[in-house]
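A short worksheet on the structure shown next.
The values are calculated or read from the model by the stated rules, or taken from the named source; none is laboratory data. Quick caveat, the model's predicted, so the values are computed rather than measured. So basically every Cβ, Gly included, is an ideal-geometry build from the backbone, and we count neighbours across all protein chains shown.
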Amino acid sequence: MSQTPSPSSPTGAIAFIGGGNMARSLIGGLISRGQSADGVHVAEPAQALRDALERDFHVRGFDNATAAATGADVWVLAVKPQVMASVCAELAGIAQAQRPLVISIAAGITADQLDGWLGGGLAVVRAMPNTPALLGVGITGLFANDSTDGHQRDHAAGLLDAVGPTVWIDDESRMDAVTAVSGSGPAYVFLLAEAMQAAGVAQGLAPEAARALVQQTLLGAATMLTRLDEPADVLRARVTSPGGTTQAAIETFEAGGFRELVARAIAAATERGRQLSAANH
Ligand SMILES: NC(=O)C1=CN([C@@H]2O[C@H](COP(=O)(O)OP(=O)(O)OC[C@H]3O[C@@H](n4cnc5c(N)ncnc54)[C@H](OP(=O)(O)O)[C@@H]3O)[C@@H](O)[C@H]2O)C=CC1
Ligand SMILES: O=C(O)[C@@H]1CCC=N1
């Protein structure tokens, strides 16, 4: 895990290209941890999203990528994988003139694809963050191409460290697994929360009571996982009294193929990352 302290760019602005869900989480996390709002440019075509980012974080909104990226020495490409090639084509001219550090958060799209679309020879870092970044409790996998020097690697890690720990990945092909586990991961926990709440209501709890019980249970379990130096199976065993209620539930999960289902879901997400890259060749 990298621990570079400052999220600030020492030499200029950071341009976010795309101001959607993940950009909003990163921008919110960076601003709340001391990043100067004036130094954050955001290109976002949807006026409502742009206005909300300007209002909430006082960043500088632009309605097109070129205007936001001009003069910024770090670009965070935060558009959907399917539009990345056309966004890079628009930016290739100024990429070659400005030589920015390019950080892409897009699932699947490789550093070579990005570098090629931007004209070549650029420092490209792939980052896979997740939405808890908004609250400073994200985690990000990072991969840098060979054109990225040590200072640029530190700079990229410093930016993402502001919203949670970072983990460098040496083999770029593993970024699809990072995406499947932690990039998409919050959604799996939210799905579990939805299912537990609905099940609690089905067992007669009031919806508000079910929601409060589930929320605090997930927070408590996640806090134990992260604060206690004990593996998940040991913590689980401590909840599971022989012949008790937890055992009845766990046996039901196991009989239903819970572990295999999780493995298949994460394999499907990993494969989808590969497909996104192949579809954009
Ligand atoms: N959401 C998540 O949890 C995570 C997402 N990611 C990655 O982040 C990227 C963005 O995802 P997410 O935030 O969910 O997607 P969103 O659709 O919420 O955000 C992307 C935004 O980019 C805008 N956009 C489209 N074209 C341009 C352009 N030419 N210039 C500037 N902005 C443009 C879109 O506008 P419009 O809708 O009008 O086209 C949209 O508002 C994806 O590549 C995804 O793989 C990575 C980690 C986690
Ligand atoms: O669902 C997606 O494709 C993106 C990447 C990781 C989280 N959201």
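Give me the residue from region 192-223 that is within 16 Å of V137 (Cα to Cα) and surrounded by 14 or more Cβ atoms within 10 Å (Cβ to Cβ) and, out of that set, farthest from ligand 1 (Cβ to nearest atom).
A221
Determine whether L261 is surrounded by 12 or more Cβ atoms within 10 Å (Cβ to Cβ) and of a type outside the set (G, A, S).
On the way: surrounded by 12 or more Cβ atoms within 10 Å (Cβ to Cβ): no; of a type outside the set (G, A, S): yes.
The answer is no for L261.
Specify the residue that is surrounded by the fewest Cβ atoms within 10 Å (Cβ to Cβ); the eligible residues are those in region 76-95 that are within 11 Å of ligand 1 (Cβ to nearest atom) and within 19 Å of G39 (Cα to Cα).
Looking at residues that are within 11 Å of ligand 1 (Cβ to nearest atom) and within 19 Å of G39 (Cα to Cα), I get L77.
Taking the condition of being under 9 Å from T270 (Cα atoms) and either touching a strand residue (DSSP E or B) at 6+ places or on another chain (Cβ under 8 Å) or within 11 Å of ligand 2 (Cβ to nearest atom) (or both), how many residues in region 175-189 meet it?
Initially, region 175-189 is screened for residues under 9 Å from T270 (Cα atoms), giving 175-181.
If we keep only those that are either touching a strand residue (DSSP E or B) at 6+ places or on another chain (Cβ under 8 Å) or within 11 Å of ligand 2 (Cβ to nearest atom) (or both) too, we end up with 175-176, 178-181.
Result for region 175-189: 6.
Only residues that are charged (D, E, K, R) and within 13 Å of A177 (Cα to Cα): list them for region 242-281, please. Talk me through it step by step, then tell me what you get.
Residues of region 242-281 that are charged (D, E, K, R), as a first pass: 251, 254, 259-260, 264, 271-272, 274.
The answer is R264, E271, R272, R274.
Can you name every residue in region 16-41 that is closer than 17 Å to I103 by Cα, within 17 Å of the chain's Cα centre (by Cα) and not in a loop (DSSP other than H, G, I, E, B)?
The answer is F16, I17, N21, M22, A23, R24, S25, L26, I27, G29, L30.
I'm checking my understanding of the structure. Among residues of region 96-116 that are surrounded by fewer than 22 Cβ atoms within 10 Å (Cβ to Cβ) and assigned to a helix (DSSP H, G or I), which one is nearest to ligand 2 (Cβ to nearest atom)?
Looking at residues that are surrounded by fewer than 22 Cβ atoms within 10 Å (Cβ to Cβ) and assigned to a helix (DSSP H, G or I), I get Q113.
Determine, yes or no, whether Q96 is modelled with pLDDT of 95 or more and touching a strand residue (DSSP E or B) at 6+ places or on another chain (Cβ under 9 Å). Reasoning before the result, please.
Numbers: modelled with pLDDT of 95 or more: yes; touching a strand residue (DSSP E or B) at 6+ places or on another chain (Cβ under 9 Å): no.
For Q96, the condition - modelled with pLDDT of 95 or more and touching a strand residue (DSSP E or B) at 6+ places or on another chain (Cβ under 9 Å) - is not met.
Which of the residues that make up region 65-90 are within 23 Å of the chain's Cα centre (by Cα) and over 14 Å from V40 (Cα atoms)?
Hits for region 65-90 are V79, K80, P81, Q82, V83, M84, A85, S86, V87, C88.
How many residues does region 145-191 contain that are touching a residue at least 24 places away in the same chain (Cβ under 8 Å), surrounded by fewer than 18 Cβ atoms within 10 Å (Cβ to Cβ) and within 22 Å of Q35 (Cα to Cα)?
3
Away from ligand 1 (no atom under 13 Å from the Cβ) and touching a helix residue (DSSP H, G or I) at 6+ places or on another chain (Cβ under 9 Å): does that describe A133?
Working: away from ligand 1 (no atom under 13 Å from the Cβ): no; touching a helix residue (DSSP H, G or I) at 6+ places or on another chain (Cβ under 9 Å): yes.
Considered against the rule, which asks whether it is away from ligand 1 (no atom under 13 Å from the Cβ) and touching a helix residue (DSSP H, G or I) at 6+ places or on another chain (Cβ under 9 Å), A133 comes out as no.
Among all residue pairs at least 6 apart or on different chains, which show Cβ distances below 7 Å where the first residue, located in region 246-270, is under 29 Å from I109 (Cα atoms) and the second is within 16 Å of ligand 1 (Cβ to nearest atom)?
Qualifying pairs under 7 Å: I266/A180; I266/V181; A269/T179; A269/A180; A269/S184; T270/D176; T270/A177; T270/A180.
Given the conditions (1) buried (at least 24 other Cβ atoms within 10 Å of the Cβ); (2) of a type outside the set (V, I, T); (3) at negative phi; (4) within 16 Å of ligand 2 (Cβ to nearest atom), and given that A69 satisfies all but one, which numbered condition is not satisfied?
(4) is the only condition that A69 fails.
Are any residues in region 72-91 without any contact (Cβ under 8 Å) to a residue 12 or more places away in the chain and either more than 16 Å from ligand 2 (Cβ to nearest atom) or of a type in the set (S, T, Y) (or both), and if so, which ones?
Of the residues in region 72-91, the ones without any contact (Cβ under 8 Å) to a residue 12 or more places away in the chain are 83, 86.
Once the filter is applied, which keeps residues that are without any contact (Cβ under 8 Å) to a residue 12 or more places away in the chain and either more than 16 Å from ligand 2 (Cβ to nearest atom) or of a type in the set (S, T, Y) (or both), region 72-91 yields only S86.
List the pairs whose first member sits in region 96-110 and is within 14 Å of ligand 1 (Cβ to nearest atom), whose second member is of a type in the set (D, E, K, R), and whose Cβ atoms are under 7 Å apart, counting only residues at least 6 apart or on separate chains?
S104/R126; G108/D176; G108/R274; T110/E172
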